[in-house]
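Student: Structure incoming, see below.
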Amino acid sequence: MAEPPVLAERRGSVALLTLNRPDKLNAINEAMIGALDAALDAAEADESVRAIVVAGAGRAFSAGFDLDMGLGEGRPDPAAVRRALENDFRIIMRFWDSPKPTVAAVHGWCLGSSLELAVACDLTIAAEDCRFGEPEVKYGSGIVALLLPWLAGPKAAKYLLLTGEDRASAAEMQAMGLVNRVVPADTLLDEAIALARRIAANDAQAVRLTKRAINRSLDIGGMRQALLAALETDVEIETHETAESREFNEIVQREGAKAAIAWRAGKTA
């Protein structure tokens, strides 16, 4: 029997959700999104759960959202792309919108939209060995949930997003305000659960309403509207082919992604 894409367990008052596709570096696909939805539904409905931790099995938190979302070969149908991206956006924002406090425990690799999911959590704890990145522009892709300008400021966001940085250290991410604490890899999960328990020990209604007030202040500043507008931009990026993107994708098919990235770098040197 296949392993479930998300493992859900209880650690006292904390629900621990573990991304469980270690052979794919926990790339988040449609099945994992469905499993996360179900696990979050259960945790949010259980009054004895007072905080939620999300972690990754194996060598990484997650390498990002699965590039193969079942959309077929060639230029995918724009409606199918929109549905997939909206589903990706929705699961990221579930961690932001959850009425219960959420903590991400990240290690190994935390890339692309999985970085957005990690920073959408209320708190983010990183192992010292973790490497972060948003390499989407290298592949001609866009950003699903454009949270970084709101959480790290425009300078840090532009550095990560426009360079396609994919090896930022945990310390660098902490300096940008995207990581709360950096801990040794072998204590990561214990530290994350201990932090969640500190939150769980507080008055549940006060925690819930304080989280809602913080998030609402950003929405009053226009964050939600800006995120939805940015999602429309991502749909446009993913569905509009250019001569450059066509040749890039042909090289990917023939020789692989590294060769295609080297080809583009050679053109712009």
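Student: So in segment 4-41, with the set limited to residues that are touching a Phe, Trp or Tyr at 6+ places or on another chain (Cβ under 9 Å) and in a loop (DSSP other than H, G, I, E, B), which one is farthest from Asp88 (Cα to Cα)?
Tutor: Step by step, filter segment 4-41, then rank; the result is Leu25.
Student: Here are some conditions: (1) in contact with a helix residue (DSSP H, G or I) (Cβ under 7 Å, 6 or more places away or on another chain); (2) buried (at least 22 other Cβ atoms within 10 Å of the Cβ); (3) of a type in the set (S, T, N, Q). Asn26 meets all but one. Which one does it not meet?
Tutor: (1)
Student: Exactly one condition in (1) crowded, with 22+ Cβ neighbours inside 10 Å; (2) of a type outside the set (Gly, Ala, Ser); (3) at pLDDT below 95 is false for Glu73; which is it?
Tutor: (1)
Student: State which residue is surrounded by the fewest Cβ atoms within 10 Å (Cβ to Cβ) when the search covers only segment 31-70 and only residues that are modelled with pLDDT of 95 or more and among the acidic types (Asp, Glu).
Tutor: Among them, the one singled out is Glu47.
Student: Given the criteria over 26 Å from Ile199 (Cα atoms) and either part of a helix (DSSP H, G or I) or without any contact (Cβ under 8 Å) to a residue 24 or more places away in the chain (or both), does Glu44 qualify?
Tutor: no
Student: For segment 253-269, give me each residue that is farther than 14 Å from Val137 by Cα, over 25 Å from the mean Cα position of the chain (by Cα) and modelled with pLDDT of 85 or more.
Tutor: Hits for segment 253-269 are Gln253, Arg254, Glu255, Ala259, Trp263, Gly266.
Student: For segment 120-172, what are the residues that are without any contact (Cβ under 8 Å) to a residue 40 or more places away in the chain and among the polar types (S, T, N, Q)?
Tutor: Selection gives Thr163, Ser169.
Student: Moving on to the next point. Only one of Ala185, Ala192 is touching an Asp or Glu at 6+ places or on another chain (Cβ under 7 Å), over 23 Å from Glu86 (Cα atoms), in contact (Cβ under 8 Å) with a residue 24 or more places away in the chain and not charged (D, E, K, R). Can you tell me which?
Tutor: The unique qualifying residue is Ala185.
Student: Another question, then. Six or more apart or on different chains, Cβ atoms under 9 Å: show the pairs whose first residue is in segment 3-25 and more than 15 Å from Leu195 (Cβ to Cβ) and whose second is among the aromatic types (Phe, Trp, Tyr).
Tutor: Going by the 9 Å Cβ cut-off, the qualifying pairs are Leu19/Phe61; Leu25/Phe61; Leu25/Trp109.
The values are calculated or read from the model by the stated rules, or taken from the named source; none is laboratory data. For clarity, every value in this text was computed on a predicted model and none was experimentally measured. Every residue, glycine as well, gets a Cβ built from its backbone with ideal geometry; the counts of neighbours run over all protein chains shown.
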